[in-house]
1. Which stretch or stretches of the stretch 69-102 have amide N atoms under 17 Å from the point lying 7 Å from residue 161's Cα along the Cα→Cβ direction?
2. Starting from 0.36 nm per residue, how many nanometres of slack lie between residue 222 and residue 40 once their C-alpha separation is accounted for?
3. Kindly put 216, 234 in sequence by how many other C-beta atoms sit within 10 Å of each C-beta, fewest to most.
4. Could you work out how far apart the two model spin labels at residue 136 and residue 61 are, taking each label as a point 7 Å from the Cα in the direction of the beta carbon, and quote it in nm?
5. Ranked highest first by average number of other Cβ atoms within 10 Å, how do 115-127, 260-272 line up?
6. Sticking with the crude label model, points 7 Å out along Cα→Cβ, report the distance from residue 268 to residue 215 in nm, one decimal please.
7. At a 10 angstrom cut-off on C-beta neighbours, averaged per residue, how do the peptides 163-173, 200-210 rank from highest to lowest?
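Every number here is computed from the coordinates shown, using simple stated rules; none is lab data. Since the structure is predicted, the reported quantities are computational estimates derived from the model, not experimental observations. When we count neighbours, we look across all protein chains shown, and the Cβ atoms used for this are built from the backbone with ideal geometry, even at glycine.
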């Protein structure tokens, strides 16, 4: 039995209906001393390791980030669009950008100051930039990497313009159930719902809820077109989102160790991202 199948066997038939942020936690994935803690406290303890992961990235930087790409082909200047997580801007993807640059890629940004806007509007704003990047790169489809909500937007962008995106990679993104997260994002989400609903059109569509009827949410509930490559990288000790929502049926799902907050800078996870991008670069560009 595969590792994923082993975990699948323990899940409810429809785990989404049983997702309870205040109660659910998979204690067998925690260090022994945490197993008796309430779910919210255990999740906070897990995410507190983010500070250690910052140190790990610092050590890797001192060694030279190019060592993370050892044995893999040079990116040869291929552009990679980086989308930050919920509430963060382009600067939050700096560790990932430095790593990609050291590996020979050209990191590019969506010009996001704070990733809190309506998902549908955010994707709409990114499309002209993607079109320009693809045109500048001779028609070669774009590589996209997003962290947390950024990964969901990467997948949403790929669903909207599949002819412009070669591969999208999500880091700790609950793509299989957008609202399967725990306590940390909830207050901000409730505030944003009220802000979104000041716009009568967004309120009518149910923006900021699972019932939203916008183009982004409709496409999020459908499979990607055949041949589209989407890769989800997740951690089973995620203290922000329910990791089960990051396992996307029909696509590549890669488990790693670490926290949710540290997925964009933990050296081992960055190596996995480089391996995924290297596989995409092995294929010749699909240019007419």
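1. Under 17 Å, as judged by backbone N against the label point of residue 161, lie 79-84 of the stretch 69-102.
2. Values: separation 182, 0.36 × 182 = 65.52 nm, distance 3.18 nm.
Gain on extension, residue 222 to residue 40, equals 62.3 nm.
3. On the way: 216 23, 234 27.
Ranked by crowding around the Cβ, least crowded first: 216, 234.
4. The answer from the label model is 2.5 nm.
5. Values: 115-127: 19.0, 260-272: 23.6.
Output ranking for 115-127, 260-272: 260-272, 115-127.
6. Placing both labels 7 Å along Cα→Cβ, they lie 4.1 nm apart.
7. Working: 163-173: 25.1, 200-210: 15.3.
Those peptides, ordered most packed to least, come out 163-173, 200-210.
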